[in-house]
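For reference, the structure discussed in these notes is given below.
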Amino acid sequence: MYSILQPIDNIRDFLESGGYVLWVILFVSILLWSLIIERYWYLWIEHPKKLKTLGQQWQTRLDTRSWYARSVREALISETRLKLNQSLRLINTLIMLCPLLGLIGTVTGMIHVFDVIAVLGTGNARAVASGISMATIPTMAGLVTALSGFYFSARLKHHVSVESLKTAELLSD
């Protein structure tokens, strides 16, 4: 009979078959996706509100052409860009970290394979296969996480550049 807890058991078995490195990749993946979701939340929910407020403040200014007004405009645009770019470097760092963690998983899995061969010889195929899966699963998980994260990171960069241009246009004369 199929249990409600069966998917949780399957996930646990998958994580155990990849070794401790797979748990690290899971943690990095959760952190990465939390940051990506937070950035999309900011771009779609928070930033339009701030942009509307910023536009209203700029439109109510009497002076928009003096040197001081231009300096205020540049400061507002820079502040908006900083808020838009927040966490993008960390996201890119985590994306670059994922394949490296997968490589560490490959190395530790192969060390496990060689240990099994040294102790039991090549006659125990099941033990050798568990080491090979411990070597390949973290590599796959690291690459899948990095590739999917890279796609959304590129989309975020595009949205940030578009929103930066919108801000500059909004605060024009």
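Looking at ILE4 and the list (1) of a type in the set (A, V, I, L, M, F, W, C); (2) outside any helix (DSSP H, G or I); (3) within 30 Å of THR167 (Cα to Cα), which single condition is not satisfied?
In the conditions (1) of a type in the set (A, V, I, L, M, F, W, C); (2) outside any helix (DSSP H, G or I); (3) within 30 Å of THR167 (Cα to Cα), ILE4 misses (3) alone.
Would you check which residues across region 7-19 are in contact (Cβ under 8 Å) with a residue 12 or more places away in the chain and either in contact with an Asp or Glu (Cβ under 9 Å, 6 or more places away or on another chain) or part of a helix (DSSP H, G or I) (or both) and list them?
Correct list: PHE14, SER17.
May I ask you to list pairs of residues, at least six apart or on different chains, whose Cβ atoms are under 7 Å apart, with the first in region 91-104 being farther than 11 Å from THR145 by Cβ and the second being aliphatic (A, V, I, L, M) and modelled with pLDDT of 95 or more?
Cβ pairs passing all conditions: ILE91/LEU32; ILE91/LEU35; ILE91/ILE36.
Yes or no: LEU31 assigned to a helix (DSSP H, G or I) and over 23 Å from VAL162 (Cβ atoms)?
Yes: the conditions hold for LEU31.
Take the residues in region 62-90 that are touching a residue at least 40 places away in the same chain (Cβ under 8 Å) and more than 26 Å from SER153 (Cα to Cα); name whichever of them is nearest to the chain's Cα centre (by Cα).
ARG73
Test THR145 against the criterion of being part of a helix (DSSP H, G or I), of a type in the set (S, T, N, Q), under 14 Å from VAL28 (Cα atoms) and touching a Cys at 6+ places or on another chain (Cβ under 6 Å), and give yes or no.
The answer is yes for THR145.
So TRP58 clears everything in (1) surrounded by fewer than 10 Cβ atoms within 10 Å (Cβ to Cβ); (2) touching a Leu at 6+ places or on another chain (Cβ under 9 Å); (3) of a type in the set (Phe, Trp, Tyr) except one condition, right? Which one?
The one condition TRP58 does not meet is (1).
Among the numbered criteria (1) closer than 30 Å to ALA127 by Cα; (2) basic (Lys, Arg); (3) not in a helix (DSSP H, G or I), which one does ARG65 miss?
(1) is the only condition that ARG65 fails.
Could you check LEU156 against (1) modelled with pLDDT of 95 or more; (2) surrounded by fewer than 19 Cβ atoms within 10 Å (Cβ to Cβ); (3) under 30 Å from GLN56 (Cβ atoms) and say which number it fails?
If we test LEU156 against (1) modelled with pLDDT of 95 or more; (2) surrounded by fewer than 19 Cβ atoms within 10 Å (Cβ to Cβ); (3) under 30 Å from GLN56 (Cβ atoms), just (2) comes out false.
Is it fair to say MET134 is farther than 30 Å from LEU51 by Cβ, touching a His at 6+ places or on another chain (Cβ under 8 Å) and not polar (S, T, N, Q)?
When the stated conditions are applied, MET134 passes them.
Residue-by-condition table, conditions (1) small (Gly, Ala, Ser); (2) in contact with a Ser or Thr (Cβ under 9 Å, 6 or more places away or on another chain); (3) over 26 Å from TRP33 (Cα atoms); (4) part of a helix (DSSP H, G or I):
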position: LEU76; (1), (2), (3), (4): no, yes, yes, yes
position: GLU79; (1), (2), (3), (4): no, no, no, yes
position: LEU84; (1), (2), (3), (4): no, yes, no, yes
position: SER130; (1), (2), (3), (4): yes, yes, yes, yes
position: SER133; (1), (2), (3), (4): yes, yes, no, yes
position: ALA141; (1), (2), (3), (4): yes, yes, no, yes
position: GLY149; (1), (2), (3), (4): yes, yes, no, yes
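Within region 86-102, which residues are among the small types (Gly, Ala, Ser) and either outside any helix (DSSP H, G or I) or exposed (fewer than 12 other Cβ atoms within 10 Å of the Cβ) (or both)?
Correct list: SER87 only.
Is there any pair with a first residue in region 32-44 that is closer than 14 Å to LYS157 by Cα and a second that is part of a helix (DSSP H, G or I) and among the aromatic types (Phe, Trp, Tyr) whose Cβ atoms are under 6 Å apart and which are 6 or more apart or on different chains, and what are they?
If the second residue must be part of a helix (DSSP H, G or I) and among the aromatic types (Phe, Trp, Tyr), the pairs left are ILE36/PHE152.
The values are calculated or read from the model by the stated rules, or taken from the named source; none is laboratory data. These numbers come from a predicted model, not from an experiment. Every residue, glycine among them, receives a Cβ derived from its backbone with ideal geometry; neighbour counts consider all protein chains shown.
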